[in-house]
Every structure is written in structure tokens, then in C-alpha cells.
1. Given the rule -39500 (n - 2.57) for each run of at least 4 DSSP H residues, summed and divided by the residues of the chain, what is its mean residue ellipticity at 222 nm, to the nearest 500 deg cm²/dmol?
2. Full-extension gain between Y64 and Q109, please, as 0.36 nm times their residue separation minus the C-alpha to C-alpha distance.
3. What is the stretch 26-111 by shape, rounded, prolate or oblate, if you read a ≥ b ≥ c off the alpha carbon gyration tensor as root eigenvalues and call it rounded for a/c under 1.5, prolate for a/b larger than b/c, and oblate otherwise?
4. Arranged from highest to lowest average of other beta-carbon atoms within 10 Å per residue, in what order do the peptides 35-46, 158-169 appear?
5. Can you tell me which lysines have their Cα less than 21 Å from the Cα of K55? Leave out same-chain residues fewer than eight positions away.
6. If the label point is 7 Å along Cα→Cβ of Q395, which residues in the stretch 328-367 have backbone nitrogen under 16 Å from it?
7. Which of these, D190, D222, D70, has the largest mean-square fluctuation under a Gaussian network model of the chain (Cα springs below 10 Å)?
8. By the gyration tensor of its Cα atoms, with a ≥ b ≥ c the square roots of the eigenvalues, what is the shape of the chain: rounded for a/c under 1.5, prolate for a/b over b/c, or oblate?
Amino acid sequence: MAKTASAHLDTLLQHTGVAEFDSARGSAPVALPSMRTSTVRFQNLDALERAQASKAQGDRSVTYGRAGMDTHAALEEVFCELEAAERAFLAPSGLSAITLAFFSVLSTQDHVLVADCAYGPVRYLDKIVLGRMGVQVSYSRATPAALESQLRPNTKMLYVESPGSLLFEMLDIPALAEFAKKHDLILAVDNTWGSGYIYRPLELGADISVVAGTKYVAGHSDLMLGAVMAKDPALIQRINETHYAMGYSISADDAWLAIRGARTLPIRMRQSAQNALEICEFLSSCPDVARIYHPAWPADSGHALWRRDCTGSNGMLSVELKFTHAAARRFVDALTLFGIGFSWGGFESLVQLVDHGSLKLHGYWTPNAHAVVRLHIGLESPQDLIADISQALDQAAAI
Ligand SMILES: *Cc1c(COP(=O)(O)O)cnc(C)c1O
């Protein structure tokens with residue numbers, strides 16, 4: 001399809017990754033088919049050699065199925081539009097996209113600074129693999145002042161997530177980009193929260209953006225997906241080679257589902273965000289609520305940064321309840337419309353009781369005895385969700 005003239009993401013998301021017209025028939029399917037194949041065959045050796053030469057130059061040229069066919073290429077285009085990136089690389093989960101970013105940048109004896117609010121399993125990657133590979137990792141509040149004191153001569157990368165996992169701590173990405181530039185570090189940002197639609201780290205100065213497509217991009221809690229995006233040609237080359245060397249590959253059917261999810265990303269994200277604000281409004285009137293963590297909520301500590309750097313919000317929020325651990329457990333168990341489970345970004349509301357052991361790792365958290373509950377607000381009626389939260393709060397407090 002002719003490239004659309006609009007720069008508005010809502011339009012681009014409907015016009016990117018569509019099938020080309022068949023020149024003989026003069027027609028094309030509206031939905032690009034899932035191109036399932038493990039291997040590619042060539043008309044003759046010249047054709048194969050042309051494809052290999054172009055691949056060797058770093059172009060997206062396919063000689064074998066592992067690199068991904070047209071459906072994958074279409075999804076890569078969608079991620080490039082979302083993140084204002086030059087190239088996107090697909091990985092079989094969000095966590096594997098994180099490992100791709102780490103392995104593309106870091107070598108043995110290198111040091112990486114990691115924001116203490118980053119997705120918990122990054123610490124597991126460190127514990128199980130990075131340590132064994134001789135990569136040094138330090139965790140820090142992600143402010144230039146705090147990071148400065150942790151710099152080492154071998155520091156190569158700054159890895160952050162904004163807003164952070166669990167408490168949605170907004171980071172000042174432009175300030176962190178300046179810090180990274182000054183100290184010659186690659187700045188990689190986990191942008192799963194924004195997923196390119198409401199927050200664009202590459203435009204704010206980051207070098208790499210990582211997204212768990214499992215969440216809002218796929219949007220229907222039915223597949224696992226990760227993507228790594230970059231703009232700089234040298235960095236793209238490193239990611240491209242590492243991606244190929246490590247064998248990251250995803251199913252064409254999952255790419256197809258993710259493209260379908262991306263078409264409705266704007267309306268799903270907007271609706272979840274609007275519902276979440278209604279839930280915040282309700283929670284703020286509850287005597288059992290001590291604090292709400294949601295950057296779009298005006299009382300949130302990160303609200304000014306959110307206003308400056310984001311174009312929207314989503315359905316994620318955490319709430320501190322003046323409950324004992326036992327009462328918080330009763331609250332979670334009493335909810336009927338919220339599934340108890342990990343993940344988020346799908347159509348459905350979810351709840352997770354956050355353990356204090358994880359919270360203590362976050363410098364943003366002021367240690368206290370309150371229970372913290374993380375909610376993903378889905379596409380249900382917000383009135384129904386409020387009624388559900390209200391009855392669960394009553395049940396939890398009733399003993
Ligand atoms: C879920 C999540 C991931 C990991 O994605 P998976 O697809 O579950 O591996 C990474 N970062 C953040 C912020 C997440 O919420």
C-alpha cells in the first residue's frame with residue numbers, strides 16, 4: 001500500500017504492515033496472511049547469492065525461515081512506526097528481547113547499571129546467566145546523581161524502565177540520555193508500559209527500546225512476544241548479528257496475531273487508561289487507601305514528568321492499602337472481576353499482591369507496613385470494577 005501521508009500513529013497503525021497488490025491480479029488481501037514456512041527456496045543460485053549478499057550487508061533479506069518472512073517484516077514495520085525506530089528485531093518473549101539487548105551490547109568484564117525499578121526477572125537473568133558470563137551488574141535509583149556514584153571505568157550500558165515495574169516510577173529519560181552520552185554508555189529502556197503508543201524513549205534520547213509485545217501490543221493475553229528497537233546504524237548492526245547468532249525466532253502466527261492486536265492498540269489503551277483514572281478517582285475517596293501509584297493521576301509523584309514526556313496512559317496502577325497482609329489477601333481473594341495473575345495489557349482486569357521483599361529493592365518506595373496491590377484495569381465497565389473493588393474492600397476490612 002502507498003505509504004500514508006499522515007504522521008498520526010492512529011492512522012499509521014491501520015496502514016502499516018499490509019499486503020502489497022499482486023501485479024497480475026491488481027488486488028491484495030486486507031489482512032496480510034500468516035506466512036508460515038521454515039525454509040525459503042530460490043529460483044536459481046544467482047537469486048540465492050543476491051539474497052545472501054544483501055543479508056551480509058545487514059539488509060532485511062531472507063535466506064532461511066528463522067529470520068522471519070513477510071508477516072514478521074510487517075510486524076517489524078509496525079514496531080518501527082510505534083517507536084520511531086529504523087529497525088525492530090523480534091524475540092519470542094519480552095524477557096528474551098531484554099536478553100537480546102544485553103547480549104548485543106555487553107561483553108565479559110563489562111559493567112551495566114540497572115535501574116532498581118526494572119522488571120524483576122532482569123535480576124534473575126543477572127543471577128543465573130550474566131554473573132556466570134562475567135558481566136558485572138549494579139542496581140541503582142535511576143537519577144543521574146545516584147548513577148554517577150556507581151560508574152566504573154568498564155561501565156558500558158545503562159538499562160532502565162520507565163515508568164518502573166510495580167510502582168510506576170517515572171524516570172527522566174532525557175536527563176538519563178544526557179548522562180549516558182556524557183559517559184559513553186548505551187541507554188536501553190524497557191518501554192513495555194508505553195509500547196511506543198504513549199511514550200517513545202528513542203525520541204527522548206535512548207539508544208535502544210525494548211518492548212514486551214505480550215502486553216499491550218498483542219493485547220489479548222494469547223501470545224508471548226518481544227521486540228528490540230534502535231535507530232543508530234552501528235548499534236542496529238550489532239543487534240542484527242546478535243539476533244541471528246542467538247537464533248531468536250517467533251512463529252508467523254504469533255506475528256500475525258500481534259499485527260491484528262496493533263490495529264486496535266489505540267482504542268484499547270485509551271479505554272484502559274480512562275477506566276484506570278476512574279478507578280483512581282474512586283480509590284482516592286476510600287479511607288483504606290494510603291497512596292495511589294499511577295503517573296496520569298495528578299497526585300502521583302511522577303505526574304509532571306508524565307505530562308512532559310507521555311502522550312497518554314494505560315490501565316496499570318498500584319495502590320497502598322492500610323491493611324495487614326492478611327486483610328490484603330482477603331481483599332484480593334474477594335475480587336470477582338479481577339483475575340489473580342501476572343502480566344497485563346490484555347482485555348481483562350488482573351490483580352497481584354506485591355510482596356514487600358520486591359518493593360524493598362525499589363529506592364522509590366518509602367518502606368512502611370501497608371499492603372501494596374497492583375491492578376491492571378481492563379475493558380470491563382469501570383462502574384462494575386468499582387463495585388467489585390468496593391465490596392472486596394468491605395470484606396477485607398470486615399473481620
Ligand atoms: C512482562 C514484562 C516483561 C517480559 O515480557 P514477557 O513477554 O512476559 O517475557 C518485560 N518487561 C516488563 C516491564 C514487563 O511487564
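1. Numbers: 14 runs with 148 residues, N = 399.
Result for the chain: -11000 deg cm²/dmol, rounded to the nearest 500.
2. Values: separation 45, 0.36 × 45 = 16.20 nm, distance 3.40 nm.
In short, 12.8 nm is gained.
3. The shape class here is oblate.
4. 158-169, 35-46
5. Once the sequence-local lysines are set aside, what remains near K55 is K231.
6. 328-341, 350-353
7. In this elastic network of the chain, the residue with the biggest mean-square fluctuation among D190, D222, D70 is D222.
8. Working: a/c = 2.11, a/b = 1.41, b/c = 1.50.
Note, shape of the chain comes out oblate.
The values are calculated or read from the model by the stated rules, or taken from the named source; none is laboratory data. What you see is a predicted model, and the numbers here were worked out from it, not measured in a lab. Quick reminder, even Gly has a Cβ in these numbers, built from the backbone with ideal geometry, and neighbours come from all protein chains shown. Accessible surface areas use protein heavy atoms only, side chains included; no ligands, DNA or RNA. Shrake-Rupley method; radii C 1.70, N 1.55, O 1.52, S 1.80 Å.
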